[in-house]
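**Student:** Could you have a look at this structure, given as structure tokens, before my questions?
The values are calculated or read from the model by the stated rules, or taken from the named source; none is laboratory data. Please read these numbers as outputs of a predicted model, since none were measured by experiment. All Cβ positions, even for glycine, are placed from backbone atoms using ideal geometry, and neighbour counts span all protein chains on display. The accessibility values were calculated without ligands, DNA or RNA, using every heavy atom of the protein model including side chains. Shrake-Rupley method; radii C 1.70, N 1.55, O 1.52, S 1.80 Å.
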Amino acid sequence: MTFRIDKLGLGIGLLAAYGLGSPWATLRANRIVQGEAVGLFAALPLWAAWLVFCVTLAAGAIAILSVRPSTRLAAASVALATVCAGVGSAGGFLLPPDNSYARVSPASGFWILLFAFALLAADAITRMKPRPITRLSYTALAVAAILTFLFLGVWSELSIIKEYSVRADAFWAEAMRHMTLALGSLLAATIAGIPLGVFCERKVGARAIVLNTLNLIQTIPSIALFGMLIGPLAWIAVNVPGAAAAGIRGIGVAPAFVALLLYSILPIVANTVAGLEGVPGATRDAAKGLGMTSTQRLWRVEFPLALPVILTAIRIVLVQNIGLATIAALIGGGGFGTFVFQGLGQMATDLVLLGALPTVALAFVSAVVLDALIETTAAETGGKGAT
Amino acid sequence: MIEIDGVSKSYDGRAVVDNVTMVVQPRSIAVIVGTSGSGKTTLLRMINRLVERDSGSIRLDAEDNRSIPGYLLRRRIGYAIQEHGLFPHRTVSENIATVPRLLGWAPSRINAKVRELLVLFQLDPDIFGSRYPHELSGGEKQRVGVARALAAEPNVLLMDEPFGALDPVIRAKAQDDLRTIQRHLRTTIILVTHDMEEAFRLADKIAVMDAGRLLQYGTPDDLVRRPATPFVEALIGARERPFRLLAINTLGEAVEVGEADGPPLPADTSQKDAVAEMVWSRRGAVPVVSSDGSPLGRVTLEALLRRAGGPS
Amino acid sequence: MRRWLPLSFRLLLLGALVVFLFWPYSFEPLLKPLVQQNAPAVYNQGSLLALTVQHLVTVLAATAAATVVAIALAVLVTRPFGAEFLPLSRSLVNIGQTFPPVAVLALAVPVFGFGEKPTLIALFLYGLLPIFENTLTGLTNLPRPVMEAARGMGMTGFQRLLRIELPLALPVILAGIRLSAVISLATATIGSTVAAKTLGEVIIAGLQSNNLAFVVQGGLIVGALAVLIYDMLSALEARISATMQAAHG
């Protein structure tokens with residue numbers, strides 16, 4: 001048996017070693033002042049510190065020496081769980097018993113270890129070339145693990161969870177708002193965009209005009225587009241009977257929704273056109289030769305074949321919308337952006353994280369789920385999912 | 001002279017080239033024939049070390065091809081491939097100048113060489129020199145590809161299915177041109193193909209490979225008259241044998257004293273073409289003349305057919 | 001479909017932009033209807049030209065740095081030495097692109113503080129992805145016979161990279177740079193929420209004082225810049241790939 005040193009593993013091992021030497025947690029007198037950095041062995045009970053230390057070293061060694069992806073994935077998972085549990089117990093250990101103002105946050109050492117082992121896991125999973133369903137189950141397991149940690153209160157002494165617990169109701173309301181904005185505008189864009197795409201594919205003259213217009217809209221920066229819609233919608237609310245009753249206002253959800261819709265239409269129209277154009281000429285001819293009408297051809301032949309490409313657009317739009325919906329907070333549209341911008345305003349890092357982490361997680365999970373869906377449909381139609 | 005001595009190569013324990021030994025004489029054309037997966041391309045690529053051999057030795061003019069670094073070796077050996085592999089972002093002239101530039105030739109010498117080669121390959125330098133590959137026809141691209149391989153005046157030219165992408169009419173012309181150019185430049189050529197017809201048109205010697213092994217290496221005449229294995233016999237095609245023999249021999253070898261009617265044929269006409277001419281013009285014999293037109297005698301249909309027969 | 005706009009439209013847009021930046025008040029009559037009485041119609045809390053220049057400098061710096069680093073990384077993982085990193089780097093690009101630009105910016109603030117720095121870092125990190133992805137695509141989809149010929153003629157690995165691989169991948173790399181620049185141009189406006197000096201200031205000032213004219217002029221300047229830059233890079237790309245249409249055919 002030959003020992004081959006894995007270059008990536010070596011990088012991860014060095015990164016993990018650096019992470020172990022970096023501050024593990026930050027202790028602050030209250031939520032916004034500068035804090036003091038605390039090393040691993042000072043931040044945890046001795047046994048817990050040793051546990052984190054040994055598990056990290058062992059996982060680092062496996063990363064360097066083992067080439068089997070399944071072993072590497074297992075090592076990464078164990079290390080991630082240990083590191084995550086370890087940072088939680090720093091909260092309980094460092095906080096003075098009856099001081100409700102003091103805060104403990106994870107520091108660079110934790111984030112570096114998290115990053116290193118997430119890399120290891122990502123690399124292992126990539127090398128295993130899992131099928132879509134397997135990838136989904138890995139994601140589901142990760143989500144389940146995070147929910148379990150939250151439910152068990154492992155992190156409840158950390159600053160970010162304290163930020164959450166004082167505004168739990170607002171958090172869920174903004175979460176709902178965020179999802180409504182992202183998914184609602186996606187739905188509306190799909191309903192409007194697919195027929196428009198079919199139209200553009202058939203009328204070549206209209207195609208250039210529609211796509212160029214939509215392209216121009218994409219160049220307007222999101223903050224500005226959100227802002228520009230305030231005026232027209234305020235006018236509609238005042239002048240169109242029933243509009244105000246339907247919830248249309250100059251500021252708030254309505255302009256955010258319309259802005260997201262405008263951004264979403266281009267990818268859907270463009271990919272519908274591309275997907276339909278990608279249907280092989282021989283297939284169209286065969287369908288014609290079999291005596292299908294043009295409607296039958298569209299529904300039974302062209303549309304199913306174009307589906308993976310259209311789904312790709314939906315994935316792009318969903319991920320993009322989840323991110324852009326954060327901007328809605330700037331015009332009173334709510335969503336996770338509320339916490340991000342409040343946090344930036346108050347220089348409260350943990351509040352920023354409370355808004356940013358769920359956004360990133362939502363975008364990531366949506367991408368994984370839709371990627372799996374695209375791959376499955378593409379395999380069924382024998383086509384490719386990418387444009 | 002190229003000496004290939006006991007060369008083997010295997011991938012994942014499977015021998016792709018298995019103990020092959022052959023010698024290619026200077027200024028000759030050796031054609032390696034085989035089905036796909038026979039190892040012929042791998043053998044070729046071991047000569048310029050695009051593939052490194054596992055064992056055995058390869059010597060070019062008595063010098064081991066591992067005595068200098070691979071990239072320096074490859075600058076001394078011409079290499080032409082089926083899809084020509086012209087650099088799409090460079091003009092025809094720049095493409096041809098590639099190896100001379102790598103070797104650091106003076107610009108004036110490079111220009112002169114490029115023009116000379118374009119003329120040799122019947123491409124007007126003033127028209128084609130500044131064109132990009134996508135502006136050329138398939139046949140023109142192929143010629144530029146070979147011209148590029150010959151630019152640094154290599155003693156040895158390796159060709160991997162160089163005519164594979166051409167349609168039949170252009171291919172026949174390209175093969176004739178290659179033969180002419182080879183006689184002019186006196187380059188040693190090793191050419192790989194799966195097309196037996198091509199092998200017989202071009203080769204001084206043919207090597208037949210199957211499953212990594214060299215089954216037979218000999219003159220075309222040898223292969224037809226004395227195939228080493230049933231595989232070689234099948235590859236040549238039992239029904240094709242007489243025609244292959246006629247194709248590789250010229251009228252000059254069958255001239256006899258006497259007279260015949262009708263227009264004469266030059267002595268370097270292939271016997272196959274002469275038979276075709278005689279059958280079509282309903283003549284039992286034709287007069288033969290040398291290349292300068294002086295009469296040499298005649299050839300009879302009967303004599304040619306006798307020469308194309310197997311052992312009695 | 002021609003992706004770059006006709007020359008006349010290009011020049012008109014550029015002209016309008018230049019006039020607006022140097023003599024913003026000449027556009028006052030157009031912007032006046034967007035504001036209530038007495039409110040200023042043209043941004044008056046600083047020079048639009050200076051903000052535009054600063055915006056462009058920020059984007060240019062981030063994109064230039066991202067270009068250099070992304071191409072270097074893509075070259076590294078496509079060499080035999082870095083092959084072990086290739087699968088992971090592909091996944092990382094996919095994962096990275098699911099990170100919303102706002103989140104990247106927001107997460108950069110705790111680490112780098114307020115101001116230009118987190119904006120530059122966020123733009124740089126986010127800008128890496130499209131360029132890296134495209135360079136990777138360009139370098140791994142080179143026509144096989146061309147690479148075979150380059151090796152067969154005795155080019156060293158470095159000569160092949162500089163003379164063949166990068167030039168052939170150039171149109172795809174440029175497309176990545178274009179994408180990256182346009183994304184950065186828009187994302188830089190958000191940088192103003194963390195106190196970076198960009199055109200986002202104009203928009204945010206408009207949102208805060210309920211001045212639609214500010215929002216519109218800020219948005220349209222960025223939009224015009226994006227169109228012009230997109231357009232310019234597309235034209236450059238088209239010119240380069242025109243000389244080698246059949247590169248991949």
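**Student:** In chain B, if every C-alpha pair distance is counted and binned at 10 Å from zero, what percent goes to each bin?
**Tutor:** The distribution over chain B is 6, 24, 29, 24, 14, 4, 0, given as percents.
**Student:** What is the magnitude of the charge dipole of the stretch A:168-381 about its Cα centre, with +1 placed on the Cβ of each Lys and Arg, -1 on the Cβ of each Asp and Glu, and no other charges, expressed in debye to the nearest 20?
**Tutor:** Taking the Cα centre of the stretch A:168-381 as origin, the dipole is about 640 debye.
**Student:** Could you work out the equivalent-ellipsoid semi-axes for the stretch C:109-160, taking the square root of 5 times each eigenvalue of the Cα gyration tensor, largest first, in whole Å?
**Tutor:** Output for the stretch C:109-160: semi-axes of 40, 12, 6 Å.
**Student:** OK, next. Over the protein assembly as shown, what number does the Rg to Rh ratio reach, with both radii from the alpha-carbon atoms and Rh per Kirkwood?
**Tutor:** Using Cα coordinates only, the ratio equals 1.08.
**Student:** If every alpha-carbon in the stretch A:7-158 counts as one equal scatterer, what log10 I(q)/I(0) does Debye give at q = 0.12, 0.21 1/Å?
**Tutor:** So the normalised log intensities work out to -0.53, -1.26.
**Student:** I want to verify the translational diffusion coefficient of the stretch A:168-381 in µm²/s; compute it with Stokes-Einstein, Rh as the Kirkwood radius over Cα pairs, at 4 °C and 1.567 mPa s.
**Tutor:** In µm²/s, the coefficient is 69.
**Student:** What does the convex hull of the Cα atoms come to per residue for chain A, in Å³?
**Tutor:** Cα convex hull per residue, to the nearest whole number: 180 Å³.
**Student:** Still on this structure, I have one more. Helix-derived [θ] at 222 nm for the protein assembly as shown: sum -39500 (n - 2.57) over DSSP H runs of at least 4, divide by residue count, nearest 500?
**Tutor:** Here the helix-only value at 222 nm equals -20000 deg cm²/dmol.
**Student:** Can you pull the Rg over Rh of the stretch B:178-293, Cα-only, Kirkwood?
**Tutor:** Taking Rg over the Kirkwood Rh, I get 1.04.
**Student:** So what is the relative contact order of chain C, in percent, for Cα pairs below 8 Å that sit 6 or more residues apart?
**Tutor:** 26
**Student:** Still on this structure: Which whole-number percent gives the relative contact order of chain B, counting Cα pairs below 8 Å spaced six or more residues apart?
**Tutor:** About 19 percent, as a whole number.
**Student:** Through the Karplus equation 6.51 cos²θ - 1.76 cosθ + 1.60, θ set to phi - 60°, convert the phi angles of the stretch B:164-171 into ³J(HN,Hα) values in whole Hz; use x for Gly and Pro.
**Tutor:** My calculation for the stretch B:164-171 gives x, 8, 9, 7, x, 5, 5, 4 Hz in order.
**Student:** Heavy atoms only, probe 1.4 Å: what % of the accessible area of the protein assembly as shown goes to carbon and sulfur, would you let me know?
**Tutor:** Roughly 64 percent of what the probe reaches on the protein assembly as shown is carbon or sulfur.
**Student:** To one decimal place, what orientation-averaged projected area in nm² is obtained for the convex hull of the Cα set of the stretch C:48-193?
**Tutor:** 9.6
**Student:** Where a Cα-Cα gap under 19 Å defines reach, which lysines qualify for A:Lys129, not counting those fewer than 8 residues away within the same chain?
**Tutor:** Filter leaves A:Lys384.
**Student:** Among A:Met128, A:Val78, A:Trp50, which residue has its Cα positioned farthest towards the positive end of the charge dipole of chain A, with +1 placed on the Cβ of Lys and Arg, -1 on the Cβ of Asp and Glu, and the dipole taken about the Cα centre?
**Tutor:** Result: A:Met128, furthest along the dipole toward the positive end.
**Student:** Could you run the Karplus curve 6.51 cos²θ - 1.76 cosθ + 1.60 with θ = phi - 60° over the stretch A:99-114 and give me ³J(HN,Hα) per residue in whole Hz, x for Gly and Pro?
**Tutor:** My calculation for the stretch A:99-114 gives 10, 8, 8, 5, 10, 10, 10, x, 10, 4, x, 4, 5, 5, 5, 4 Hz in order.
**Student:** Next question. Which whole-number percent is the relative contact order of the stretch A:7-158 (Cα, under 8 Å, 6+ apart)?
**Tutor:** Relative contact order here is 33 percent.
**Student:** Quick one: Karplus J couplings for the stretch A:227-241, per residue in order, coefficients 6.51, -1.76, 1.60, θ = phi - 60°, nearest Hz, x for Gly and Pro?
**Tutor:** x, 5, 7, 4, x, x, 6, 4, 4, 4, 4, 7, 9, 9, x
**Student:** Continuing with this model, one more query. At most 16 other Cβ atoms within 10 Å plus a DSSP loop assignment makes a site exposed; report the longest stretch of chain C without any exposed trypsin sites (Lys or Arg not before Pro).
**Tutor:** So the longest stretch without any such site is C:4-249.
**Student:** Based on Cβ point charges of +1 for Lys and Arg and -1 for Asp and Glu, what charge dipole magnitude is obtained for chain A about its Cα centre, in debye rounded to the nearest 20?
**Tutor:** Here chain A has a charge dipole of around 820 debye.
**Student:** Another question, if that's okay. Could you check the spin-label model distance between C:Arg239 and C:Leu12? Points 7 Å from the Cα along Cα→Cβ, value in nm.
**Tutor:** Label at C:Arg239, label at C:Leu12, 2.4 nm between them.
**Student:** If you take the charge dipole of chain C about its Cα centre, with +1 on Lys and Arg Cβ and -1 on Asp and Glu Cβ, which of C:Ala70, C:Gln217, C:Gln36 is farthest toward its positive end?
**Tutor:** With unit charges placed on the Cβ atoms, the residue in question is C:Ala70.
**Student:** Hey, another quick one. For the protein assembly as shown, give me the percentage of DSSP beta bridges that are antiparallel, rounded to the nearest 5 percent.
**Tutor:** Of all bridge pairs located within the protein assembly as shown, approximately 60 percent are antiparallel.
**Student:** Also, I was wondering about something else. Is the shape of the stretch C:183-225 best called rounded, prolate or oblate, per the rule: a/c under 1.5 gives rounded, else a/b larger than b/c gives prolate, else oblate, with a ≥ b ≥ c the square roots of the Cα gyration tensor eigenvalues?
**Tutor:** Because a/c hits 1.5 or more and a/b fails to exceed b/c, the stretch C:183-225 counts as oblate.
**Student:** Same structure, new question: Could you tell me which residue out of A:Ala287, B:Ser67, B:Val275 lies farthest along the dipole of the protein assembly as shown toward its positive end? Charges go on the beta carbon: Lys and Arg +1, Asp and Glu -1, centred on the Cα centre.
**Tutor:** Towards the positive end, the residue furthest out is A:Ala287.
**Student:** Right, something else. Binning every alpha carbon pair distance of the stretch C:114-198 at 10 Å from zero, what are the percents per bin?
**Tutor:** Going from the shortest bin to the longest, the percentages are 18, 33, 22, 16, 9, 2.
**Student:** What's the extension gain from A:Ala208 to A:Ala282 if we count 0.36 nm per residue and subtract their Cα-Cα distance?
**Tutor:** 24.1 nm
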